[in-house]
């Protein structure tokens, strides 16, 4: 849908909602009583107008960004976001995520590295918050050892977005480097996640890695039980058709797209176990 259309519809809906609330006392109380009501609650109208003004100001201030996204003009979008953020170091997380995605769509790894360096020097809190996105690009470049080091800096941070995914990806980096014993605690942790895709990936790797690299038979049995329990929970909630929709929904996040191949393997494992294949 065109940005201009969304902008117009947004205003129509908001104004219509206000008119409904404004006129409701007239129908319920009558004209004279409703006038008394609004004299005592006039500030509600001011709050509405302020809210409408703020939201419209947001749309207008970001109209160029929205228009470039609509046109899929990723090069122009990248240049625009750089011009907005870099000169005065005004880095907002939403704009940082959008810029990283625009760079990825252009395969511009250098742009991502420049953005990361700028954040590391001037806005470490924004870099920390978006650590998952910057770390996953290292996996995209097939550098799990660098991704491990980067993710490791933020394992204990509480303000990282999608923190559970960051901890899983740290464990995944260890798996890629065949550091299986070190990866097991992070895979175990992931099997308790409410995120179904994260839960499945953790159970899948735990079942395969844990079976071969547990310290003893007792640990091997415990890990297999954890993987089995997670798989059974998912099978109860998701038939095959619903699972496919869940995966497609999850792929709106770039860090999920990068893990597409492991997700496909884990999905086959999930339903193969159900059918006994």
_Residue among 127, 119 that is more than 23 Å from residue 252 (Cα to Cα) and modelled with pLDDT of 95 or more_ = 119
*Got at least one residue in the stretch 55-62 being at pLDDT 85 or above and over 22 Å from residue 161 (Cβ atoms)?*
yes
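The values are calculated or read from the model by the stated rules, or taken from the named source; none is laboratory data. All figures in this text were calculated on a predicted structure; none of them were measured in a lab. Reconstructed Cβ throughout: ideal geometry from the backbone, glycine too, with neighbour counts over all protein chains shown.
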